[in-house]
Amino acid sequence: MSETQQATSLTDLLNQLEPVPVPPAVPMVPQTVGWLVLAAVLLILLVFAIWRWHKHRQATAHRRAALAALSLAEDDRAAIAEILRRTALVSFPRAQVAGLIGSDWAAFLDQSYGGKGFASTTGQALLSAPYTGSAPDAQATTLARDWIKRHKAEGGRS
C-alpha cells in the first residue's frame, strides 16, 4: 500500500462521499383531474344522501310522535283510538279518513297496513272504546303500534 492511502482516515473517506439527494416534496393536490371529479361526485352524493335522510325524518316524524303518545297511553283504549285517528288524519287525505266510523274505519285500518287485526274482537273493542269506555288492553296497544309502524299512506305522508 502506498503512503497516501494509509494517511487517509475514515473521516476523510466519509467527507468524500456525495450527499444523499433529497426527493422533491409530495404535493397535497391530486395530480389528475379524475380525482377532483371523483371527490366532487362523492361530495354531491353525500349531500344528496343527507338531504334524503332529512326529508325521510321529516316525513316520519308523525309516526315517532304517535309511538311516543302510545307509550304514554298506558293501554287505555280510548286514548289509543284517538292516537290512531290523529295518525291517520296526518298520513292520509282528510276527506278519505275523517268520515269513517265503525266497520268502515276498521276496514280502512286493515287495508292501509295489510293486516286483519282491526276486524278482530280486539280491534272492534278498540274502535268502540271512545264511546263506551273500557278496561286497559295490551293487545290493543300492540295492534295500534303495529299499524303506526307499518301503514302505507296513499297521497299523504309515508
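The values are calculated or read from the model by the stated rules, or taken from the named source; none is laboratory data. Since this is a predicted model, take the numbers as computed values, not measurements. Positions of Cβ are generated from backbone atoms using ideal geometry, with glycine treated the same way; all protein chains shown enter the neighbour counts. Note: accessible area is taken over every heavy atom of the protein model, side chains too, but ligands, DNA and RNA are not part of it. Shrake-Rupley method; radii C 1.70, N 1.55, O 1.52, S 1.80 Å.
Name the residues in the range 132-149 that are part of a helix (DSSP H, G or I) and either modelled with pLDDT of 85 or more or not small (Gly, Ala, Ser) (or both), would you?
Of everything in the range 132-149, those that are part of a helix (DSSP H, G or I) and either modelled with pLDDT of 85 or more or not small (Gly, Ala, Ser) (or both) turn out to be THR132, GLN139, THR141, THR142, LEU143, ALA144, ARG145, ASP146, TRP147, ILE148, LYS149.
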Filtering the range 96-123 for residues that are open to solvent by 50 Å² or more (accessible area, probe 1.4 Å), in a helix (DSSP H, G or I), modelled with pLDDT under 80 and not hydroxyl-bearing (Ser, Thr, Tyr) leaves a count of 1
Every listed condition ((1) modelled with pLDDT of 85 or more; (2) surrounded by 10 or more Cβ atoms within 10 Å (Cβ to Cβ); (3) assigned to a loop (DSSP other than H, G, I, E, B)) holds for ASP75 save (1)
Counting only residues that are part of a helix (DSSP H, G or I) and either hydroxyl-bearing (Ser, Thr, Tyr) or open to solvent by 30 Å² or more (accessible area, probe 1.4 Å) (or both), the range 80-95 contains a total of 9
Pairing a residue in the range 29-57 that is in contact (Cβ under 8 Å) with a residue 60 or more places away in the chain and aromatic (Phe, Trp, Tyr) with any residue that is surrounded by fewer than 10 Cβ atoms within 10 Å (Cβ to Cβ) and not in a loop (DSSP other than H, G, I, E, B), where Cβ atoms lie under 8 Å and the two sit 6 or more apart in sequence or on different chains, gives none
Of the candidates ALA140, ALA78, ALA66, the one satisfying the condition of being touching a Pro at 6+ places or on another chain (Cβ under 6 Å), touching a residue at least 40 places away in the same chain (Cβ under 8 Å) and not hydroxyl-bearing (Ser, Thr, Tyr) is ALA78
Going through the range 110-134 in order, the residues found to be more than 18 Å from ASP76 (Cβ to Cβ) and among the aliphatic types (A, V, I, L, M) are ALA119
